[in-house]
Amino acid sequence: MKNSSTDTTVAGRITRALADRIISGEFAPGTKLRQDHFAEEFGASHVPVREAFRRLEAQGLAVSEPRRGVRVASFDVSEIREVAEMRASLEVLALRHAAPHLTSAILDEAENINREGENAKDVRVWEDANKAFHRIILEPCNMPRLMATIDDLHAASARFLFAGFRMEWEAPTDQDHRAILRALHEHQFDVAAATLARHVKWIGTKPGKNNLNKPAS
């Protein structure tokens, strides 16, 4: 399974561009995605555009409806909770396999990434750092299919995050990330896994003004 973040095909490029617009809220739920429009925009035939639509559906970002075409998917609280539960289970699985392979250099880089997130000037910069943090500590699991699924779930989580942050942004101090790193440095893998699971499940809380200063992981 090809990682969408490193796919250099035309379909991969179109998928990333459209996913970014959906996740950021530029394309609202229910917006129709037109093949002709994107084929012209990206200077491509309909074939890679259709493939991009298929990938967006697989990621849960788009839906295909009879006689209505492809539209941006909606989401509700139950879906948010489902994604949170899936991420918690799969990321813990990845971490348990990755933990024995996490070197001091990897953990130091994870600390640098977390620091970038804590100094982020806007939610998009924070989310880039957040995704990079999770990926760097999980990728040594050497399970590409698992990581591809986690990437898709993280994209869905990011969409929920952006939907909840329409007001003033304030970068958080991520105590959970720090606790995960501390446990990994001390080889307390069970503690790290439990902290990660709790951390990811927070997104099961519906985004809203009461939790704007605690972004979902």
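The values are calculated or read from the model by the stated rules, or taken from the named source; none is laboratory data. Nothing here was measured: the structure is a model prediction, and the numbers come from that model. Counting neighbours? That spans all protein chains shown, and the Cβs are built from the backbone with ideal geometry, glycine included. The area values use the complete protein model at the heavy-atom level, side chains included, leaving out ligands, DNA and RNA. Shrake-Rupley method; radii C 1.70, N 1.55, O 1.52, S 1.80 Å.
Key figures
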read-out: Unmet criterion (only one of (1) in a helix (DSSP H, G or I); (2) in contact (Cβ under 8 Å) with a residue 12 or more places away in the chain; (3) under 19 Å from ALA155 (Cβ atoms); (4) not charged (D, E, K, R)) for ALA120; value: (1)
read-out: Number of the condition not met by ASN213 [criteria: (1) polar (S, T, N, Q); (2) at pLDDT below 90; (3) buried (at least 17 other Cβ atoms within 10 Å of the Cβ)]; value: (3)
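Let's see how each residue does on (1) open to solvent by 10 Å² or more (accessible area, probe 1.4 Å); (2) at pLDDT below 90:
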| residue | (1), (2) |
| --- | --- |
| GLU116 | yes, no |
| ASP122 | yes, yes |
| GLU127 | yes, yes |
| LEU146 | yes, no |
| ALA158 | no, yes |
| ALA163 | yes, yes |
